[in-house]
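Structure first, commentary second.
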């Protein structure tokens, strides 16, 4: 896959796969093309050359919401939430997107609609407990600390019941305690059966989480392997970590 912006190749002949049940990381210096890769995979950008396949089917030309319906769901670097909604209300709103509550049924409060609404509330409460936000369920999203906002963004994505979850720098801007909490959550999501592909600038977090790491430099893949193999790769050390010592 290749993507040009003007004469610049932001992604250059990139080829990789994410297998069912894996947790794979995409790392690289600022400007390496990581977010562009996510945008290409999820339909927000079209590649100049190449194709994207999900579960064996070509999804290159499909819109983001169609790709999401197929089970590929992403988060964003900038957390997108309803800032005036409470934590629980944000998760409920996300759960409604996956539910089949009929508009007129909701207006006239039919028995079937009420039953579905109860199901949505139950699902939202379960999701909130799973991600560890029940203690702040009534707080408006705008008043949450940064780490909690990032976790709420993950919860909103989980409400879409993804088969493949793409996390765009989920540990960005977090302090050490928040990073530890988020790492545990991401690992729990993966252990429950969701395949995960993540971009992460926090090298330690990516190495601790992922089974396999892909390294980009200037839109080009320079390495791929286990965290141990990537740590020892001389080209990675020179391009991303600085010369001299292995990554820690």
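Only the coordinates and a few stated rules stand behind these numbers; no lab work does. Treat the numbers as computed from the prediction; the structure is a model and nothing was measured. Backbone-built Cβ (ideal geometry, glycine too); neighbour counts: all protein chains shown.
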Can I get the semi-axes of the stretch 159-225's equivalent ellipsoid? Compute them from the C-alpha gyration tensor as square roots of 5 times the eigenvalues, in angstrom, largest first. 20, 16, 11
Figure the gain on full extension for residue 184 and residue 93 (residue separation times 0.36 nm, minus the Cα-Cα span) and round it to one decimal in nm. 30.3 nm
For residue 234 and residue 201, compute 0.36 nm times the residue count separating them, minus their Cα-Cα distance, and round to one decimal in nm. 10.0 nm
Compute the distance in nm between two label points, each set 7 Å from the Cα along the Cα-to-Cβ direction, one at residue 139 and one at residue 58. 4.8
Kirkwood Rh, Cα Rg: Rg to Rh for the chain? 1.00
What order do you get for 4, 96, 148 when you list them from fewest to most C-beta neighbours inside 10 Å? 4, 96, 148
Could you give the length gained on full extension between residue 161 and residue 4, defined as 0.36 nm per residue of separation minus the Cα-Cα distance, in nm? 53.3 nm
Semi-axis lengths, Å, the stretch 128-248, gyration tensor of Cα atoms, sqrt of 5 times eigenvalues: 30, 16, 12
